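Below is one structure, written out as structure tokens; the observations come after it.
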Amino acid sequence: MQLDLFSQNDPDALLAGLNPQQREAVEYRGRALLIVAGAGSGKTRVLTHRIAHFLAQKELWPSQILAITFTNKAAAEMRDRVEQLIGASSEGMWIKTFHSACLQILRREADRLGHDSNFTVYDTGDTRALLKRLLREAGAEDADIKPQQAAAIISNAKNELRDAEDFARNADRSNPKERIVAEVFQAYERELLRNNAFDFDDLISETVGLLRAHPEVRARYQKRFRHLLVDEYQDTNHAQYALIREFTRPLSDDYANFDERTGEVLPPAQLTVVGDSDQSIYAFRGADIRNITEFERDFPGAQTILLEQNYRSTQNILSGANAVISQNPYRPAKNLWTDQGSGELISIFTGFDERNEAAYVVDQIKQLHSEGTNYRDIAILYRTNALTPSLEAELKSQLIPYAVIGGLKFFERREIKDALAYLTVISNARNDEAARRVLNVPARGIGEKTELKIAQYARENDMSFRQALSFGGQLGLGPKLTASVVSFGELLNELDALSATEGPAEVLKLVLERSGYRASLEGSRDPQDEARVENLDALLGQLFDWQANNPEGTLADYLAEITLAAAADEIEDESGSISLMTLHTAKGLEYQVVFLIGLEQGTLPHVRSFDEPGGLQEERRLMYVGMTRAKQKLYISHALQRTLFGNTASFIPSSFLSDIPSELCDQVGAERRELRAASTQPVRSSWQGAVNTPAAIRDNKDLELAVGDSVQHDSFGKGRVIAVAGNPPKQTAEVRFDSGVTKRLLVKMAPITKL
């Protein structure tokens, strides 16, 4: 009925079923609107209905709308929902991620920045590979600078809109690390330009620079996009904030746009942003919470509308999350509520160690599954990936299907990177890094010394690495090696020529055949190579599907699209597997059942947050995000001791747990016991439910140890105290056990007895 009404141009049809605050947000008209949308409050619904309402009122054409999200998945969902509302295609409307919107702008304006329109986008792996080479050439071994460290410094600079020259001017030249990074940063920028490439951060920073340096370009895009909508505004960094300002700040008189009917000067685009400061969890990658908390200062006269009614979770889950986040200072008052009932209590489990915790989690999953919960409706969330080994081992032992989201992704596998490097150097002949990656893939007898000779010849003659391959006869190589180099260059040229008439999928098929890559893997005795062939076939199938959906798409289009994919976009709703992921990856997702593990002080909140300004507040927001992913049931667990990176240590429960009112919780303890079902079965750790304090956990709050004391530990046996710190009940003791191992223990909770 809604589509019928809409087709008759009745905008009121779009307001049906909205609560008063949602309706106000859809109908508001003004220069700037901030929608503070609590978790599960229907923000996507409000955004899509607001877009459809503009169209129904004939205030905007689809092509005048730019809607920006953070993930491809969110963009696709928004587009689908808009099309359902308007009953037609959203063609002409830009619903894109920040990076894909900027990519499209840069493709059109690349020549202004010294690039060709078929430029390559470097992903994290490409960036690190290039920086590894540049650091080696700069002699950075003695300075102990790793590629990932240099990449992070450069990324942070670009997100702050600082270029290599600005970074170098402000670098401390007396500091060897800063000096080398400054030099490498400048070399890195030269190599990107030489390779006709941008890195991921460039897509936004270079677009901002383009709009600032060329007001006629900014005027053109401002005239086209009359309304800008931004999702997850609290996650924007400085560069993204600057991009939004360029689209919405007034133009000078010389470049002003005019209404073609009235001749009036057009104001800048109107702006709608949606976000929640309580869910700002990306400070580590440059997100600035001030972008949302100071929105009304940045846009005087802006309206703020608060969405507090939650449509996702039960009231017990919301009340627990509200109690946790309410402890953060300086946050705007907000209290999520629902009319869906109280629901089940939050389960809080105390485990003896990580194996005990894993056994409990898996047993609960088995019980839930037997009662009808699909595996795909369950997620296990954690602060760091280091918490997963015991959990994965337990899931495997119980034959429960799971997927680690954000782990080793399909496009990060070696054979996939090789295939994509071939496509890259065919699409962009100036991309030296791609050419060097596949120079000897499969093996052609071309070693590192020859590679360096080719690279040197290319630099000396101002040509690309691929062009230099054709001059193999001038490199002073032997006849066989010369033939190999020249033959490889001819192969790339042939494939490049074919790409003008064949689709991207056909080109990949020819690459795998003519390069000999497929044959080399099929002829290998390494069992892993069989899987690599299957992965290449999967890539080929995926590319054929992409080509069918994008008949005009080029190799450059395809390569850019897969580079912009996010970890959360990998999740298949029908996977039939439990999802394991970090709390950062879980942002924006929801599950019927959520397990939040590792709630110990030093894990969540993370130990690094203790000394960072605002660190604990962000960790609390991370906890809040995790809790509000759950729709029906929330399990929270912590362990009294963990073995991480080979070291066993005792932990106290997270301080965040004490924020949750006890009446909302079902407290469950555990005691460790060994089960031996049969002599052929391995020993495994299990849990045995016990209300309140676990029987196997000692209450040592009054125990005080001194250096030289002898102790007996339930797991490590006898030992002697060699160092102590603090006083009861926070005293820690370093104990050297008779077995030779040394452990640092929290005396209050360690299972020890003083002898």
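Brief remarks on what is shown
- Count of region 77-116 residues, restricted to those that are among the acidic types (D, E), surrounded by 14 or more Cβ atoms within 10 Å (Cβ to Cβ) and closer than 30 Å to G42 by Cβ, is 2.
- Exclusive hit being buried (at least 20 other Cβ atoms within 10 Å of the Cβ) and either touching a Pro at 6+ places or on another chain (Cβ under 9 Å) or over 26 Å from A421 (Cα atoms) (or both), set F119, F198, F167: F167
- Among helices (runs of 4 or more DSSP H) entirely within region 466-565, having at least 3 residues that are small (G, A, S) singles out 479-498, 527-549.
- Of N310, N322, N257, all but one fail to be open to solvent by 10 Å² or more (accessible area, probe 1.4 Å) and under 29 Å from L583 (Cα atoms); the exception is N322.
- Of all residues in region 1-25 being of a type in the set (D, E) and modelled with pLDDT under 75, the one that is surrounded by the most Cβ atoms within 10 Å (Cβ to Cβ): D10
- Region 134-193 - residue that is assigned to a loop (DSSP other than H, G, I, E, B) and among the charged types (D, E, K, R) and, of those, nearest to S464 (Cα to Cα): D163
- Restricting A419, A443, A434, A403 to residues that are under 28 Å from Q542 (Cα atoms), over 29 Å from the mean Cα position of the chain (by Cα) and either modelled with pLDDT of 90 or more or not aromatic (F, W, Y) (or both) narrows the list to A443.
- Here G263 clears all of (1) out of contact with any helix residue (DSSP H, G or I) (no Cβ under 8 Å at 6 or more places or on another chain); (2) within 30 Å of P332 (Cα to Cα) except the condition numbered (2).
- The set of residues in region 719-755 that are surrounded by 14 or more Cβ atoms within 10 Å (Cβ to Cβ) and of a type in the set (K, R) comprises R720, R736, K743, R744, K748, K754.
- Members of region 220-234 found to be open to solvent by 10 Å² or more (accessible area, probe 1.4 Å) and assigned to a helix (DSSP H, G or I), listed by number: R220, K223, R224
- Among the residues of region 326-357, the ones that are touching a residue at least 60 places away in the same chain (Cβ under 8 Å) and more than 19 Å from C665 (Cα to Cα) come to 9 in all.
- Residue match in region 422-437 (condition: open to solvent by 30 Å² or more (accessible area, probe 1.4 Å), among the small types (G, A, S) and closer than 21 Å to D116 by Cβ): yes
- Residue selected from region 369-400 under the condition assigned to a loop (DSSP other than H, G, I, E, B) and surrounded by 18 or more Cβ atoms within 10 Å (Cβ to Cβ), by the criterion modelled with the lowest pLDDT: T388
- Residue in region 29-47 that is surrounded by fewer than 20 Cβ atoms within 10 Å (Cβ to Cβ), in a helix (DSSP H, G or I) and β-branched (V, I, T) present: yes
The values are calculated or read from the model by the stated rules, or taken from the named source; none is laboratory data. Quick caveat: nothing in here was measured; it's all calculated off a predicted structure. Cβ coordinates were reconstructed from backbone atoms using ideal geometry, including for glycine residues, and neighbour counts include every protein chain displayed. With ligands, DNA and RNA removed, areas are computed over all heavy atoms of the protein, side chains included. Shrake-Rupley method; radii C 1.70, N 1.55, O 1.52, S 1.80 Å.
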